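Read through the structure below, which is laid out as structure tokens, and then see the notes.
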Amino acid sequence: MQRVRCGARREYTMRILGIETSCDETGVAIYDHVNGLLAHAVYTQTAIHAPFGGVVPELASRDHLRKLLPMVHSTIQQAGLAPQQIDGLAYTKGPGLAGALLVGAMLGRALAFAWQIPAIGVHHLEGHLLAPFLEPLPPDFPFVALLVSGGHTELIKVEGIGQYTLIGDTLDDAAGEAFDKTAKLLGLGYPGGAALAALAEQGDPNRFYFPRPMIDRPGLDFSFSGLKTYAANICRDHRIDNEINEQTKADIACAFQAAVVETLVVKCRRAIKETGMKRLVIAGGVGANMALRKALQTLAEKLQITLYFPRMEFCTDNGAMIAYAGCRRLMAGECDDLSVMVHPRWPLDEL
Ligand code: KG4
Ligand code: ZN
């Protein structure tokens, strides 16, 4: 990776424009290191991809291309700034869809060149990890982070910016992916994580019981692909005239969610015990799940540790987390050279 030092650590106010285009959300934000978040906007492409039951990479890139520049203009306006008042630019450099990443990286680099300001490519997962720092009571380092999104389920020991040790990972599906696949089975559309969570509210928690994968094995790894198969089998057994009744769907959703939540809680408890950390951070789209937040809050009280999570809208993909992560790195004197490079695959511990 071509990362250069752009001079001394910056001590004056920095306003960073953040751009996120790694998947199916176009996110733009302006973060000011003294005054916090000045403006942000997220446009979600779900309506475009829903008919296909998943993200279509080419459609994602084309839509980012259409939406990004107008969103940059309107977000700068919303912050009450002129482009000359932006001091640095941060764009998501990976991991993600290559074409989608390239749209953000190309525009980010071009604007930085035109405005003669430094730019930096940010790791998408670092953005998620640091999203709780956008809240009024941010965590201190070190902490354990549970990163649960559509593409990742990881436990990470975080000792500072860029000091990340992966201590647990999924062997197959990510938690969000399991939510989405089970939601699809229940006919809830794509991405169905939030819809499944809403349906689970109506479910009877005592009707079905899903296995809790890997909790009886030592270690901090996860495996969620079996849950989708388990759900598929229950659906098959309860289909009448090719239909599953609405109450049965809600009961399946409820039992599925309970299994994911309990599995995540068991592994978080283990991670806290093994590392001796006093802080737990939840990040990523599945962090918006209320049942998970509640269960982890109960765990935190039992273990006498503090739980931190971003507000709901900053759990899922957004530009604010990229602006924040970029700001921390640019202020430390880092920036990227003029070449436009993206990393569709980029393990966090390579940072
Ligand atoms: O972090 P994110 O926006 O994108 C990735 O980087 O993957 O996470 C999206 C994932 C999707 O799988 C979505 O279904 C899931 O987060 N998600 C939820 C909820 N809201 C979003 N899963 C469970 N409960 C929710 N309330
Ligand atoms: Zn994400």
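The values are calculated or read from the model by the stated rules, or taken from the named source; none is laboratory data. Note that this is a predicted model, so its numbers are computed, not measured. Quick reminder, even Gly has a Cβ in these numbers, built from the backbone with ideal geometry, and neighbours come from all protein chains shown.
Of Leu111, Leu129, Leu134, all but one fail to be under 22 Å from Ala291 (Cα atoms), among the hydrophobic types (A, V, I, L, M, F, W, C) and touching a residue at least 24 places away in the same chain (Cβ under 8 Å); the exception is Leu129.
So in region 295-351, with the set limited to residues that are among the β-branched types (Val, Ile, Thr) and in a loop (DSSP other than H, G, I, E, B), which one is surrounded by the fewest Cβ atoms within 10 Å (Cβ to Cβ)?
Just the residues of region 295-351 that are among the β-branched types (Val, Ile, Thr), to begin with: 298, 305-306, 316, 322, 340, 342.
Cutting the leftovers down to in a loop (DSSP other than H, G, I, E, B) gives us 305, 316, 340, 342.
Details: Ile305: 16, Thr316: 26, Val340: 18, Val342: 24.
Restricting to residues being among the β-branched types (Val, Ile, Thr) and in a loop (DSSP other than H, G, I, E, B), the top hit is Ile305.
Look at Ala119 and say whether it is away from ligand 1 (no atom under 16 Å from the Cβ), surrounded by fewer than 16 Cβ atoms within 10 Å (Cβ to Cβ) and over 19 Å from the mean Cα position of the chain (by Cα).
Details: away from ligand 1 (no atom under 16 Å from the Cβ): yes; surrounded by fewer than 16 Cβ atoms within 10 Å (Cβ to Cβ): no; over 19 Å from the mean Cα position of the chain (by Cα): yes.
Answer is no for this residue.
Restricting Gly151, Gly189, Gly162, Gly168 to those that are within 18 Å of the chain's Cα centre (by Cα) and within 12 Å of ligand 1 (Cβ to nearest atom) reduces the list to Gly151.
In region 99-127, the residue that is farthest from Tyr43 (Cα to Cα) out of those that are out of contact with any Lys or Arg (no Cβ under 8 Å at 6 or more places or on another chain), small (Gly, Ala, Ser) and within 16 Å of ligand 2 (Cβ to nearest atom) is Gly127. Of the residues Gly96, Gly88, only one is buried (at least 18 other Cβ atoms within 10 Å of the Cβ) and either under 17 Å from Ser22 (Cα atoms) or assigned by TED's automatic domain parsing to the domain that holds Lys157 (or both); which? That would be Gly96, the only listed residue that is buried (at least 18 other Cβ atoms within 10 Å of the Cβ) and either under 17 Å from Ser22 (Cα atoms) or assigned by TED's automatic domain parsing to the domain that holds Lys157 (or both).
Would you point out the residue of region 249-277, among those that are on the phi < 0 side of the Ramachandran plot and free of Cβ contacts under 8 Å to residues at least 40 places away in the same chain, that is surrounded by the fewest Cβ atoms within 10 Å (Cβ to Cβ)? So the residue we want is Lys273. Residue under question is Tyr190, and the condition is that it be among the hydroxyl-bearing types (Ser, Thr, Tyr), farther than 19 Å from Phe222 by Cα and touching a Lys or Arg at 6+ places or on another chain (Cβ under 9 Å); does it hold? Yes: the conditions hold for Tyr190. When the residues of region 1-53 are filtered to those that are surrounded by 17 or more Cβ atoms within 10 Å (Cβ to Cβ) and farther than 24 Å from Gly94 by Cα, the one that is modelled with the lowest pLDDT is Arg10. If the condition is being among the small types (Gly, Ala, Ser) and modelled with pLDDT of 95 or more, then region 289-341 contributes Ala291, Ala295, Ala300, Gly319, Ala320, Ala323, Ala325, Gly326.
Pick from region 299-351 the residues that are among the polar types (S, T, N, Q) and within 15 Å of ligand 1 (Cβ to nearest atom): which of them is nearest to the chain's Cα centre (by Cα)? Walk me through how you get there before you give the answer.
Initial filter on region 299-351 (among the polar types (S, T, N, Q)): 304, 306, 316, 318, 339.
Now drop any that are not within 15 Å of ligand 1 (Cβ to nearest atom), which leaves 316, 318.
Working: Thr316: 5, Asn318: 8 Å.
Only one residue tops the list, namely Thr316.
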